[in-house]
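**Student:** One structure, pasted below without further comment.
The values are calculated or read from the model by the stated rules, or taken from the named source; none is laboratory data. Here the structure is a predicted model, which is why all the values come from computation and not from measurement. In this analysis, Cβ positions are derived from the backbone assuming ideal geometry, glycine residues included, and neighbour counts consider all displayed protein chains.
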Amino acid sequence: MFHLLYETPNSTNRKRKAEDLMKAIPPKRLHFRGPNDQQNWLLPDSIIYYITKTPSNAKAWEELIQSCKYFFAKNPIIVADILNFSQGWEVFTNTSAGRLQKRIPPKNVSYKLWITETLRIYGANRKYVSSIISQIYRCDATELHLNGQILSFKEFLFFSRNVEVLRLGFTGTHDNKNYTVVKNEDGTIVPLEQLVKTLTKLKQIKGTNNPTHSFVTKNTARELLKIPHFFQIQKFLFTGLPEVFDVDAIFAYLKKNKHMKFELHFADSISQTFKTRLEKIVDEIIETETHDYKPPLISFDGLAEEKKRKISCLYYSRS
């Protein structure tokens, strides 16, 4: 990061050094419209231009545009710690005085946003992600919530580069409007394991699987267990899991798992044969006297209430 020196009344030493240097190398003056003072840069115009057009650190950029109007005038980017989008923008910015909130209609955004903490996109329009991506300068969000959205894999990668917490749809709901689907260029659905493979910083993942547009395949469980950073995840929670989810493969791992919290809620459409297999797993967990692993929470339609209560108690007692 380059450090810019310009004359301010509260920096005597800096001013003296600047004056000494300016005697040797008369600096060029940059002019711009508006009620702003000219700045005597100690760096060439080309470097000032580069810094203005290619900011790489959100905090430094925020301090820069607060210290001098020139930079925002030339490159209007606002740092948003939290961005919610549904019909319009809801921007939250952390300041020394607290968190500031601003609502902006989508058509009135005349600048780009740099998201640093959380991005939530939800609403009636399934293509909100595609409609706002051109207005995002950069997304460094560690939390990404996508509800009821259809987006391309390329768009997903743009938003998820630093994601630690991912939510795909509102968990526990069966409304088709709440499902989120990521698609390849050929229109096929990107499987869950491929999404997880790209999220090297992931700590928590929650979501609802759409039974008619499922991102869970017969290979999902086994492929997840091949991903090295999958084992750093602290919580894995999904509802609407289909019958093709390899519960035997995942349960073999669960019996060795000592830190990850698993919640596996299966779709109502699973067969009676599969329910019988799930119930045997639930029975094994309940009947084990001493657990040297974290008991998962497994549920499906038809499981007896007493067994639901017991496995829930085991799950939450070890959380």
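**Student:** Please enumerate the residues belonging to the stretch 109-143 that are crowded, with 17+ Cβ neighbours inside 10 Å, over 10 Å from the mean Cα position of the chain (by Cα) and of a type in the set (D, E, K, R).
**Tutor:** Arg138
**Student:** Conditions first: (1) surrounded by fewer than 18 Cβ atoms within 10 Å (Cβ to Cβ); (2) hydrophobic (A, V, I, L, M, F, W, C); (3) touching a residue at least 12 places away in the same chain (Cβ under 8 Å). Ile270 passes all but one, so which condition is the exception?
**Tutor:** Failed condition: (1).
**Student:** For the stretch 249-282, which positions are more than 23 Å from Leu202 (Cα to Cα), at pLDDT 95 or above and acidic (Asp, Glu)?
**Tutor:** Of everything in the stretch 249-282, just one residue is more than 23 Å from Leu202 (Cα to Cα), at pLDDT 95 or above and acidic (Asp, Glu), namely Glu279.
**Student:** Return yes or no: is Phe300 buried (at least 16 other Cβ atoms within 10 Å of the Cβ) and touching a strand residue (DSSP E or B) at 6+ places or on another chain (Cβ under 8 Å)?
**Tutor:** Spelling it out, Phe300 is indeed buried (at least 16 other Cβ atoms within 10 Å of the Cβ) and touching a strand residue (DSSP E or B) at 6+ places or on another chain (Cβ under 8 Å).
**Student:** I've got another one for you. For the stretch 193-209, what are the residues that are among the β-branched types (Val, Ile, Thr), surrounded by fewer than 21 Cβ atoms within 10 Å (Cβ to Cβ) and either outside the structural domain of Leu166 (by TED's automatic domain parsing) or touching a Ser or Thr at 6+ places or on another chain (Cβ under 7 Å) (or both)?
**Tutor:** Within the stretch 193-209, just Thr198 meets the criteria.
**Student:** Among (1) touching a helix residue (DSSP H, G or I) at 6+ places or on another chain (Cβ under 9 Å); (2) modelled with pLDDT of 90 or more, there is one condition Gly169 misses while meeting the rest; what is its number?
**Tutor:** All conditions are met except number (2).
Quick grid of which residues meet (1) touching a residue at least 40 places away in the same chain (Cβ under 8 Å); (2) buried (at least 16 other Cβ atoms within 10 Å of the Cβ); (3) outside any helix (DSSP H, G or I):
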residue	(1), (2), (3)
Phe231	no, no, no
Asp248	no, no, no
Ala252	no, no, no
His259	no, no, yes
Glu263	yes, yes, yes
Glu279	no, yes, no
Tyr316	no, no, no
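**Student:** Name every residue in the stretch 281-314 that is in contact (Cβ under 8 Å) with a residue 12 or more places away in the chain, over 29 Å from the mean Cα position of the chain (by Cα) and in a helix (DSSP H, G or I), in order of residue number.
**Tutor:** Ile281, Val282, Asp283, Ile285, Ile286, Lys307, Lys310, Ile311, Leu314
**Student:** Would you be able to tell me the number of residues in the stretch 211-229 that are among the β-branched types (Val, Ile, Thr), over 14 Å from Leu199 (Cα atoms) and surrounded by 15 or more Cβ atoms within 10 Å (Cβ to Cβ)?
**Tutor:** Going through the stretch 211-229 one residue at a time, the tally reaches 3.
**Student:** Now, a different point. Looking at the stretch 233-244, which of its residues are closer than 24 Å to Thr288 by Cα and surrounded by 14 or more Cβ atoms within 10 Å (Cβ to Cβ)?
**Tutor:** Lys235, Phe236, Leu237
**Student:** A further question follows. I'd like the full set of residues that are of a type outside the set (A, V, I, L, M) and farther than 12 Å from Phe156 by Cα, limited to the stretch 186-202.
**Tutor:** Once the filter is applied, which keeps residues that are of a type outside the set (A, V, I, L, M) and farther than 12 Å from Phe156 by Cα, the stretch 186-202 yields Asp186, Gly187, Thr188, Pro191, Glu193, Lys197, Thr200, Lys201.
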